[in-house]
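The values are calculated or read from the model by the stated rules, or taken from the named source; none is laboratory data. Just so it is clear, the structure is predicted and the values come from calculations on it, not from any experiment. Every residue, glycine as well, gets a Cβ built from its backbone with ideal geometry; the counts of neighbours run over all protein chains shown. Side chains included, ligands, DNA and RNA excluded: accessible areas come from the protein's heavy atoms. Shrake-Rupley method; radii C 1.70, N 1.55, O 1.52, S 1.80 Å.
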Amino acid sequence: MNPFTNRLAITLAALMTIASPLASAALPRPDTPTRGQGSGLLQLVQNYFFDGITLAGLVLAAICFFIVAMNAVKKFHEVTDKKATWTDFFTLVGVGAVLLIIVIWLINKAVEIL
């Protein structure tokens, strides 16, 4: 390696080491869990876990909504190509809406149980 490159790398590493506490000085503090800090570390971890599970439930509901919408668009395309009937389309949309309602209700029940 070139001696100039070595000195440049060492200088940059030293500057980053010196500047890193200054760069992180203005970072915001992390939010507390929705259930609060708790009385100890274990309870704090449980509260963060609860928030993570709640977020996972929201992601699951969003994925279910996307799947139902994607299938409805496919079925609409089949209807416009005369491969399916409007009854098929409205049945798919109705069953998809009921399934979404059930998924959201189950996720809310799971959050209450936790």
Within the range 94-114, restricting attention to residues that are farther than 22 Å from residue 68 by Cα and open to solvent by 90 Å² or more (accessible area, probe 1.4 Å), which residue is modelled with the lowest pLDDT? 114
Considering only the range 49-64, I want to know if a residue exists there that is acidic (Asp, Glu), touching a residue at least 12 places away in the same chain (Cβ under 8 Å) and within 22 Å of residue 114 (Cβ to Cβ). yes
Tell me the residue from 73, 79 that is among the hydrophobic types (A, V, I, L, M, F, W, C), over 25 Å from residue 114 (Cβ atoms) and open to solvent by 60 Å² or more (accessible area, probe 1.4 Å), please. 73
Six or more apart or on different chains, Cβ atoms under 6 Å: show the pairs whose first residue is in the range 93-114 and of a type in the set (Gly, Ala, Ser) and whose second is surrounded by 12 or more Cβ atoms within 10 Å (Cβ to Cβ). 96/68
Any idea which of (1) more than 20 Å from the chain's Cα centre (by Cα); (2) open to solvent by 50 Å² or more (accessible area, probe 1.4 Å); (3) touching a residue at least 12 places away in the same chain (Cβ under 8 Å) is the one residue 89 doesn't satisfy? (2)
